[in-house]
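Right, one structure below, let's go through it.
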Amino acid sequence: VTAMGESSMDPTLSAPDSTAQQDSLFSMMDLFLISLITGLFTYWFFFRKKKEEVPDIPKMQTVAAPVRDSSFIEKMKKTGRNIVVFYGSQTGTAEEFANRLSKDAHRYGLRGMAADPEEYDLSDLSRLSEIDKSLAVFCMATYGEGDPTDNAQDFYDWLQEADADLSGLRFAVFGLGNKTYEHFNAMGKYVDKRLEELGAQRIFELGLGDDDGNLEEDFITWREQFWPAVCEHLGVEATGEESSIRQYELVVHTDVNMNKVYTGEMGRLKSYENQKPPFDAKNPFLAQVTENRKLNEGGERHLMHLELDISNSKIRYESGDHVAVYPANDSSLVNQIGELLGTDLDTVMSLNNLDEESNKKHPFPCPTSYRTALTYYLDITNPPRTNVLYELAQYATDTGEQERLRKMASSAAEGKALYLSWVVEARRNILAILQDMPSLRPPIDHLCELLPRLQARYYSIASSSKVHPNAIHICAVTVEYETKTGRLNKGVATNWLKSKVPDQNGSSSLVPMYVRKSQFRLPFKPSTPVIMIGPGTGIAPFMGFIQERAWLKQQGKEVGETVLYYGCRHEREDYLYREELARFQKEGVLTQLHVAFSRDQAEKVYVQHLLKKNKENVWKLLNEGMAHIYVCGDARNMARDVQNTFYEIVSEFGNMSQPQAVDYVKKLMTKGRYSLDVWS
């Protein structure tokens, strides 16, 4: 239309053509007016439709609201529950504790239910007082750097924004954390504080479990004081029932269609045969291992570099993200358990929840075989928790062994000490316990009910998607050690990954995986300097960072100083990615490379010593260059020592007192200029 209008007003038209042009002008005008009217009518028609539809939106919402599919209150009323135990769980431990607490309730004439906050509308907490003798308990794990677990993210967001009146709510919180991390039990502390701010009544003090110490003992100690407080507040008393109650019933399938049997899938049946994006924790992608090479040239350890092919998966990742892999247990351990319990491991069965109202119909995907359950779904390598020992005790025919198991599961000081030494410190897994207690032969279905789920293992991605869009690189060290009982214990995931040899067709090289987003990110501006500190396999995310900075440089971007502090034991044994780092340095991408070889001289040298040695340069980059600091690796010692070194550098060159220097570094963390990707 605009083009026509412009041509019709052309001032260069000559007089003799004016009559013909006039006719043309009218026809053009007609077209213009018709187009305009059509356009206005179309606009009015759609605008009018939208206006008519507006009232329908709230109408649809109000219709949906009374159904309350996500109301835990309605569910509790329907099933006669008084206690709800919510869990924020990343590795399954908080969920396990929640199940134990909800199971405890029957001893006090109460009924409990464990609940995933992701599945319910938590604003209903204000209505819990509608139920007699009601109580909400929260088992909240802290993930990463003080973050909520994935399944508690929505609950956390709601708590931050909520202005609800929770004055009728009685609550208690048990937090699961690790003291080696900066933000110890941040989530448990926040939930406890925020619920009180919203008017809820705390009936028992916040429990702070420490996984760096003895998390199980922390939980038992808190629990044994928690229940008397519940009795006092709710006016109930213990019934004395300590009997074992089965949560699931066994159904053995003798005539079953094998196409309906789970063979290791995490969610949808046959999802490994018929892969459909998007891929996540419940729907992992089967990635082919295209490379698996040993990185170290000597020494007893096996350090490896793996490459996973994610072509056609639509999986996207950024440098600093984590890759989660679902491992499988060693078949020899599985077979030994089957032999000791005299079981045909290929029996196909289901464990069905006796509570028909429960959202959790099975403890793991069913129907399946015992072999599949023990291989892909159950944790058989970690020392079992006390509740497992308590439940198994009834099956020990030798009274001495039965008493020993019961004692270790008790809250008595002697029992706790025995559990700590005989199970935890001796690293006895379920197979070792069965071997060392010959009279203990539980039914395999009850054992499968009690064992926790085998969890995904997380690794910092060692590549950049800008350079490797169809591959994810992993850098890992195989875990292998001798226990106090002389047994050789092997890390589940690293030894399983070690066996993944690339081949053209076999499933032996397939790895079920998904990507978990992280806050560990390169600065927005490529010109910002970065100081990366990552000894050992802590170098992993920095390989991705350096690759990305090299790519940015190739794109003509101005890239700031890229400084790496790396450490290993011996220069000639375990200097990881030596050739790659030398190449990046030669190309001018890696502007500084400082390597600490801890055991190549009489006195041990670590990354923090090299930071001190270059303290002036470190301060200049930090203070003048506004550099970002990244630390990856061991949380217990290295990360703490590095942080203390930064306190010293800031204090010396910033002319600050120790408390001021600590505050300065904490502010860097708040601003996202000091990031950690650590593990213990």
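The values are calculated or read from the model by the stated rules, or taken from the named source; none is laboratory data. Since the model is a prediction, treat every value here as computed from it, not as a measurement. Cβ: placed from backbone, ideal geometry, glycine included. Neighbour counts: every protein chain shown. Remember, those area values only see protein heavy atoms, side chains included, never the ligands or the DNA or RNA. Shrake-Rupley method; radii C 1.70, N 1.55, O 1.52, S 1.80 Å.
Across the chain, Cα pairs under 8 Å and at least six residues apart give a relative contact order of 11 percent.
With a ≥ b ≥ c the root eigenvalues of the C-alpha gyration tensor of the chain, is it rounded (a/c under 1.5), prolate (a/b larger than b/c) or oblate? Since a/c reaches 1.5 but b/c is at least a/b, the shape of the chain is classed as oblate.
Going down the list Lys294/Lys490; Lys557/Lys667; Lys78/Lys360; Lys466/Lys620; Lys294/Lys466; Lys282/Lys517, which pairs span over 21 Å between their C-alpha atoms? Lys557/Lys667; Lys466/Lys620; Lys294/Lys466, as the Cα separations exceed 21 Å there.
Karplus-derived 3J(HN,Hα) values for the range 482-495, using 6.51 cos²θ - 1.76 cosθ + 1.60 with θ = phi - 60°, are 9, 8, 5, 8, x, 7, 9, 9, 10, x, 4, 6, 5, 6 Hz; glycine and proline are entered as x. Check the straight Cα-Cα distances from Lys615 and name the aspartates and glutamates below 17 Å, setting aside those fewer than 8 residues away within the same chain. Candidates past the 8-residue exclusion: Glu561, Glu624, Asp641, Glu648, Glu652. Ranking Tyr272, Thr239, Val251 by how far each Cα lies toward the positive end of the dipole of the range 235-318 (charges on Cβ) leaves Tyr272 at the top. Among beta bridges identified by DSSP and lying wholly in the chain, the antiparallel ones come to about 50 percent.
The DSSP beta bridges internal to the range 496-617 are antiparallel in roughly 0% of cases. Spatially, the range 417-448 and the range 160-230 are offset by 30 Å when compared through their Cα centroids.
A simple rule links phi to the HN-Hα coupling: the Karplus curve 6.51 cos²θ - 1.76 cosθ + 1.60 with θ = phi - 60°, which for the range 189-195 gives 5, 5, 4, 4, 5, 5, 4 Hz, with x for Gly and Pro. A straight line joining the Cα centroids of the range 311-371 and the range 548-617 runs 41 Å. Taking Cα centre as origin and charging only the Cβ of basic (Lys, Arg, +1) and acidic (Asp, Glu, -1) residues, the dipole magnitude of the chain rounds to 840 debye. Residues whose amide H falls under 5 Å from that of Glu480, counting only those 5 or more places apart or on a different chain, are Gly491, with hydrogens built in the peptide plane. For the pair Asp436 and His570, what calculated FRET efficiency results from E = 1/(1 + (r/R0)^6), where r is the Cβ-Cβ distance and R0 = 60 Å, to the nearest 0.05? After rounding, the FRET efficiency stands at 0.95. Filter the GluC sites (Glu not before Pro) in the range 275-306 down to the DSSP loop ones having no more than 16 other Cβ atoms within 10 Å, then list what survives. Sites meeting the loop and neighbour criteria: Glu297, Glu300.
Computed over all pairs of different Cα atoms, the Kirkwood value for the hydrodynamic radius of the range 72-234 is 15.5 Å. Normalised per residue, the accessible area of the chain is 48 Å², obtained with a 1.4 Å probe and no contribution from ligands, DNA or RNA.
Taking θ as phi - 60° and the Karplus parameters 6.51, -1.76 and 1.60, the scalar couplings of the range 128-137 work out to 4, 5, 5, 9, 5, 6, 9, 7, 10, 10 Hz in sequence order, x denoting glycine and proline.
Under a model in which nothing but the beta-carbon of Lys, Arg (+1) and Asp, Glu (-1) is charged, the range 502-650 shows a dipole of about 320 debye around its Cα centre. Candidates Asn99, Tyr577, Asn283 compared by Cα position along the dipole of the chain: farthest toward the positive end lies Tyr577, with charges placed on Cβ.
Taking amide hydrogens as placed 1.01 Å from N in the peptide plane, the amide H of Gly175 sits under 5 Å from those of Met140, Gly207, Leu208, Gly209, each at least 5 positions away in sequence or on another chain.
Counting only protein heavy atoms and a probe of 1.4 Å, the accessible surface of the chain is 50% carbon and sulfur. In this structure, the amide hydrogen of Arg453, modeled 1.01 Å from its nitrogen in the peptide plane, lies closer than 5 angstrom to those of Asp379, counting only residues at least 5 positions away or on a different chain.
Take the alpha carbon gyration tensor of the range 530-678, find the square roots of its eigenvalues, order them as a ≥ b ≥ c, and report rounded if a/c is under 1.5; if not, report prolate when a/b exceeds b/c, else oblate.
On the way: a/c = 1.82, a/b = 1.16, b/c = 1.56.
Since a/c reaches 1.5 but b/c is at least a/b, the shape of the range 530-678 is classed as oblate.
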